[in-house]
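The values are calculated or read from the model by the stated rules, or taken from the named source; none is laboratory data. This is a predicted model, so every value here is computed, not measured. Heads up, the Cβs are rebuilt from the backbone with ideal geometry, glycines too, and the neighbour counts pull from every protein chain shown. These accessible areas exclude ligands, DNA and RNA; they are computed on the full protein's heavy atoms, side chains included. Shrake-Rupley method; radii C 1.70, N 1.55, O 1.52, S 1.80 Å.
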Amino acid sequence: MKIRSMKLREAHKNNGVSSYCTILWDLTAEHIVTASSSDASISIHDALLPSNTPRFLRNHRDGVTTLALSPNSSCLASGSSDRSVKLYKFPGGEFESNITRFTLPIRALSFNRSGTMLAAGGDDDGIKLINTIDGSVARVLKGHRGSITSISFDPKSEYLASVDSFGTVIIWELQSGTTLHTLKNISHNTPPDFTTLSALSWSPDGEMLAVSGLRNDVVMYDRDTAEKLFTLRGEHTQPVCFLAFSLNGKYISTSGLDKQVLIWDVAKKQDIERQKFDEVISCMTWKPHGNALAVIDVMGKYGVWDSVVPSSMTSPTEGGPTLDSKKSDGLLFFDEEEKEISTSGSMSDHGEEEDSFMNSEQPTRKRLRNFKYDEDSDDDVNDMSLLPKVESNKKRSTADVANMKNGKGTQTGVVAITGPKMQEAFQPGVTPVQFGKRRFLCYNMLGSITTMEHDGYSHIEIDFHDTGRGPRVPAMTDYFGFTMASLNENGSVFANPCKGDKNMSTLMYRPFRSWANNSEWSMRFEEEEVKAVALGTSWVAAVTSLNFLRIYTDGGLQRHVVSLDGPVVTASGFGDELAVVTHSSPSLPSNEQMLEFRVLNVPNGRQSIRGKLALTPGSILTWFGFSEEGQLTSFDSMGVLRVFSNQYGGSWFPLFSASKLKKKDESYWVVGLNKTNLFCILCKSPDKFPQVVPKPVLTLLDLSIPLASSDLGAEALENEFIISNMHLSQIQRKIEEKEAMGDDDTTSLEDEAFNIETALDRCILRLIASCCNGDKLVRAIELVKLLSLEKSVRGAIKLVTALKLPNLAERFNTILEERLLKEEAIETKTETVCVNNTTTKTFVSQEIVKGQECVNEVQLASPSFVKKKATENSTTPKIGKVVELKDAKLESKGLVKKSNGEVSQQKSTNPFVKSLNNQEKEKSSSVFDSLKKFKKNEK
């Protein structure tokens with residue numbers, strides 16, 4: 001097929017910035033109307049003499065984002081970023097009224113066939129159905145979760161179709177205002193700058209709904225059942241951003257992000273003409289009578305493509321509605337004569353009801369103008385008295401017809417999925433394509449991977465937040481079209497979706513340091529698409545559409561291929577651990593996702609954790625990964641951050657809730673977290689992702705558990721208390737894992753645990769003070785029992801004594817006495833291990849183990865962190881091996897070496913307390929006696 005090219009003329013000055021532009025052709029084909037989201041004016045051009053200066057309508061204060069003409073071309077409607085919808089007389093252009101307002105920019109407008117109803121939608125969460133006669137809002141349709149980008153009335157006036165920025169299509173039944181079908185994620189996502197939009201349109205006969213698909217195609221759906229009928233797939237190499245049927249419905253024009261416009265023969269399902277442009281065509285309109293197509297690109301330039309359909313084929317207007325029928329169909333909105341018109345705001349075909357219309361008595365337009373409408377009550381508008389009762393022309397599905405023939409009644413066949421849909425797979429840290437064709441392939445706590453498309457290829461750059469943590473990585477050219485990546489200190493991995501004739505997906509790993517020259521490697525998967533990637537210390541992982549988990553070494557050796565239980569949602573790596581999230585079952589009717597996770601230790605080939613993933617009801621997973629300390633973490637669309645802890649047998653604990661901080665126009669895009677802060681990027685509405693340029697600024701938020709309002713008024717201290725306990729539990733688990741693996745080098749972890757215990761005791765002391773001031777003495781006693789260090793208990797006694805609470809001080813003294821008595825009992829029950837040259841090897845080993853068991857059987861009242869001792873190796877130690885223990889270790893562990901060679905064991909209150917000097921020992925040993933003297937003096 002020969003590719004044509006044509007020149008366009010400037011209609012709007014966009015100052016070099018891509019913007020969504022709109023173009024319309026009026027019913028007589030004498031005027032062309034254009035608008036741009038970067039220009040606050042509307043241009044009305046002379047279609048017969050294009051060189052004439054256009055007429056400008058300057059009533060908006062911001063860019064005009066959408067236009068609509070009534071079917072008889074007597075009324076022009078415009079929507080803008082200034083959040084208003086205005087009506088004008090046409091073609092004169094006289095301003096008529098501000099028919100409605102929104103709280104956010106408008107993106108889509110559409111008239112019904114009779115012209116009495118205008119549908120308006122945008123970044124708000126509802127579609128307004130507006131009666132154009134008196135400006136009243138008949139109904140607000142709510143159901144979309146994203147910005148509404150396109151609206152189309154069914155030509156038979158029974159349904160309304162709409163699509164949002166997430167690619168979800170909803171078909172509404174106009175009479176009841178209910179959702180008839182919801183088709184989620186069937187169209188591509190709209191870019192954040194809204195320079196191009198997802199598109200849909202009804203065929204002129206109303207039997208099919210055309211929607212821009214996910215595979216650079218157009219998908220046709222049945223009018224009543226929403227069953228997929230067929231697909232138009234041809235020469236488009238990027239998604240379709242606009243489509244328009246010819247008047248007779250025999251042809252459809254499509255515009256793609258690849259800067260091409262294709263003309264399709266709908267019956268033959270093939271493209272018949274193609275036109276190449278310098279920029280993306282954002283809007284098109286067929287000439288009402290003739291073989292021509294008006295187009296406008298994202299830079300505000302427009303033109304007319306003549307002889308669109310080859311002369312050997314049927315004309316695009318042959319068999320369509322005539323000019324006369326269109327003129328008589330619909331209302332003459334702003335006729336100066338006071339005609340009697342319908343008050344019903346009928347959404348039905350006005351021409352079909354002409355007889356009843358002419359025979360009925362209608363009130364005058366003056367009477368209608370007295371109707372007042374309060375915009376504040378939009379959400380409660382449900383009065384459908386303004387809408388007519390329309391006889392449904394809904395046809396039976398093919399399954400219904402078959403059932404009727406078989407005598408099985410009118411059973412409904414299985415058609416489009418209208419219930420909740422399972423969440424699609426995503427890669428953490430990835431953003432959609434933005435202005436300038438830039439996007440983040442990865443953004444994490446280490447750095448970012450940015451891609452920018454140029455001349456058909458992409459330029460990839462890797463930047464580290466701290467240049468000292470990573471090497472300087474040269475930029476690379478991307479010939480594969482990568483859409484996701486993962487980054488760590490060792491290298492980066494990239495993947496792309498299936499593409500090409502073989503429907504092939506590519507995985508590529510690029511190490512940062514290697515002794516070999518050609519250390520980069522890649523893998524290709526035919527008919528298998530990579531959905532998520534992850535990196536670890538010495539491994540690379542990819543999860544695919546076949547539910548395969550593929551694990552490679554960093555050198556490219558294929559190690560494992562694991563079948564997962566369900567479709568993947570996401571994956572993340574940290575050190576030796578790989579975490580994968582999958583669907584455990586279909587979503588619940590309440591729209592709750594059923595997800596599960598598993599954590600794998602890749603070098604050892606073991607599964608360390610597996611369980612359900614906690615989510616806020618009605619939410620989806622938006623980020624998943626590890627904290628800087630290695631804790632598994634998730635963040636959902638409701639703004640709740642959770643970490644996984646081994647407490648309570650392994651549970652998810654909420655550490656942050658955006659509902660307490662989040663403003664209505666703000667959202668948080670998570671980057672990572674450490675033990676005290678959440679690192680995120682603040683996004684202003686309607687943006688939900690950070691912009692690549694300028695470089696985003698990280699925001700640090702304190703972790704704050706969603707606690708209930710306490711009568712103590714010390715939520716900050718209670719928050720610190722819970723988080724510190726969780727960190728202590730996490731360190732205990734790490735120490736136990738090391739000891740189980742035979743690694744005794746736990747000094748750094750023990751020091752960290754001791755520091756946390758000390759800080760935790762300080763927090764508890766402040767909580768005790770708050771309880772005393774709030775007269776919550778029972779709670780104070782509960783807290784003092786949780787203190788780890790004896791000096792902390794003594795500090796609590798001094799505190800309550802200073803606060804003049806003698807009864808509480810007495811109870812604290814009793815608690816300390818009980819603790820010391822238990823320690824004294826431990827000392828008396830300690831087994832003595834005799835070590836001399838004549839003792840047999842077996843006796844020595846048995847006595848050592850016996851002494852350890854005796855010590856481990858003792859349970860202290862204090863909840864202090866206790867490091868479990870590793871049992872001796874099964875091999876028999878040599879005679880006198882215990883004697884070889886260093887005196888410093890014996891002293892730090894409470895072991896005292898006697899002069900006769902015996903070793904006695906004494907349990908310390910805290911394993912992380914450093915050795916006491918002689919003075920501190922004397923003071924500690926005399927605490928019990930001093931307490932007795934203190935009690936005698938009190939008596």
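One table, with the values for the structure above:
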read-out	value
Within the stretch 526-543, tally of residues that are more than 11 Å from residue 497 (Cβ to Cβ) and in a strand (DSSP E or B)	10
Residue ID - surrounded by the fewest Cβ atoms within 10 Å (Cβ to Cβ), chosen from residues in the stretch 70-98 that are outside any strand (DSSP E or B) and either touching a helix residue (DSSP H, G or I) at 6+ places or on another chain (Cβ under 7 Å) or small (Gly, Ala, Ser) (or both)	92
Residues of the stretch 219-264 satisfying the condition of being more than 20 Å from residue 294 (Cβ to Cβ), open to solvent by less than 20 Å² (accessible area, probe 1.4 Å) and part of a strand (DSSP E or B)	219, 220, 222, 232
Residue list for the stretch 595-619, filter: open to solvent by less than 60 Å² (accessible area, probe 1.4 Å), of a type outside the set (D, E, K, R) and either closer than 15 Å to residue 657 by Cα or in contact with a Leu (Cβ under 7 Å, 6 or more places away or on another chain) (or both)	595, 597, 599, 600, 602, 613, 614, 615, 616, 619
Test set (1) in a strand (DSSP E or B); (2) open to solvent by 10 Å² or more (accessible area, probe 1.4 Å); (3) touching a Ser or Thr at 6+ places or on another chain (Cβ under 8 Å) - residue 272 fails condition number	(3)
Whichever residue in the stretch 666-725 is assigned to a helix (DSSP H, G or I) and charged (D, E, K, R) and, among such residues, is farthest from residue 647 (Cα to Cα)	715
Subset tally (residues that are part of a loop (DSSP other than H, G, I, E, B), open to solvent by 10 Å² or more (accessible area, probe 1.4 Å) and hydroxyl-bearing (Ser, Thr, Tyr)) for the stretch 620-653	1
Residue within the stretch 23-30 that is in a strand (DSSP E or B) and touching a His at 6+ places or on another chain (Cβ under 9 Å) present	yes
From the options 101, 107, residue that is touching a residue at least 60 places away in the same chain (Cβ under 8 Å) and crowded, with 21+ Cβ neighbours inside 10 Å	107
Qualifying residue in the stretch 138-147 (condition: closer than 18 Å to residue 70 by Cβ and either open to solvent by 10 Å² or more (accessible area, probe 1.4 Å) or in contact with a Gly (Cβ under 7 Å, 6 or more places away or on another chain) (or both))	yes
In the stretch 139-156, the residues that are without any contact (Cβ under 8 Å) to a residue 60 or more places away in the chain and either aliphatic (A, V, I, L, M) or not in a strand (DSSP E or B) (or both)	141, 143, 144, 145, 146, 148, 151
Selected residue [open to solvent by 30 Å² or more (accessible area, probe 1.4 Å) and within 27 Å of residue 289 (Cβ to Cβ)] from 8, 57, 67, 27	8
When residues of the stretch 102-130 are limited to those that are among the small types (Gly, Ala, Ser) and outside any strand (DSSP E or B), the one nearest to residue 65 (Cα to Cα)	115
Complete set of residues in the stretch 654-679 that are among the β-branched types (Val, Ile, Thr) and surrounded by 16 or more Cβ atoms within 10 Å (Cβ to Cβ)	670, 671
The stretch 283-310, subset open to solvent by 30 Å² or more (accessible area, probe 1.4 Å) and not in a loop (DSSP other than H, G, I, E, B), residue nearest to residue 69 (Cα to Cα)	304
Top-ranked residue of the stretch 425-480 - restricted to ones that are among the hydroxyl-bearing types (Ser, Thr, Tyr) and assigned to a loop (DSSP other than H, G, I, E, B), ranked as surrounded by the most Cβ atoms within 10 Å (Cβ to Cβ)	431
Candidate set: the stretch 550-594, residues that are among the acidic types (Asp, Glu) and outside any strand (DSSP E or B); chosen: the one surrounded by the most Cβ atoms within 10 Å (Cβ to Cβ)	554
Cross-chain or 6+ apart pairs with Cβ under 7 Å, the stretch 158-181 first and closer than 20 Å to residue 122 by Cβ, then among the hydrophobic types (A, V, I, L, M, F, W, C) and assigned to a loop (DSSP other than H, G, I, E, B)	160/174; 167/186; 169/186; 171/226; 174/347; 174/387
Yes/no for residue 494 being at pLDDT 90 or above and assigned to a loop (DSSP other than H, G, I, E, B)	no
Of residues in the stretch 497-522 being charged (D, E, K, R) and modelled with pLDDT of 90 or more, the one least open to solvent (accessible area, probe 1.4 Å)	510
Selection count, the stretch 663-685, where residues are out of contact with any strand residue (DSSP E or B) (no Cβ under 8 Å at 6 or more places or on another chain) and either among the polar types (S, T, N, Q) or under 23 Å from residue 625 (Cα atoms) (or both)	2
Residue, surrounded by the fewest Cβ atoms within 10 Å (Cβ to Cβ), within the stretch 481-492, restricted to residues that are more than 22 Å from the chain's Cα centre (by Cα) and under 21 Å from residue 578 (Cα atoms)	489
Number of the exception - residue 694 against (1) without any contact (Cβ under 8 Å) to a residue 60 or more places away in the chain; (2) within 30 Å of residue 762 (Cβ to Cβ); (3) not basic (Lys, Arg)	(2)
Restricting the stretch 31-54 to residues that are under 16 Å from residue 293 (Cα atoms) and either modelled with pLDDT of 95 or more or in contact with a His (Cβ under 8 Å, 6 or more places away or on another chain) (or both), the residue that is surrounded by the most Cβ atoms within 10 Å (Cβ to Cβ)	33
Residue match in the stretch 278-285 (condition: over 19 Å from residue 197 (Cα atoms) and not basic (Lys, Arg))	no
Of residues in the stretch 179-226 being among the acidic types (Asp, Glu) and touching a strand residue (DSSP E or B) at 6+ places or on another chain (Cβ under 7 Å), the one nearest to residue 113 (Cα to Cα)	222
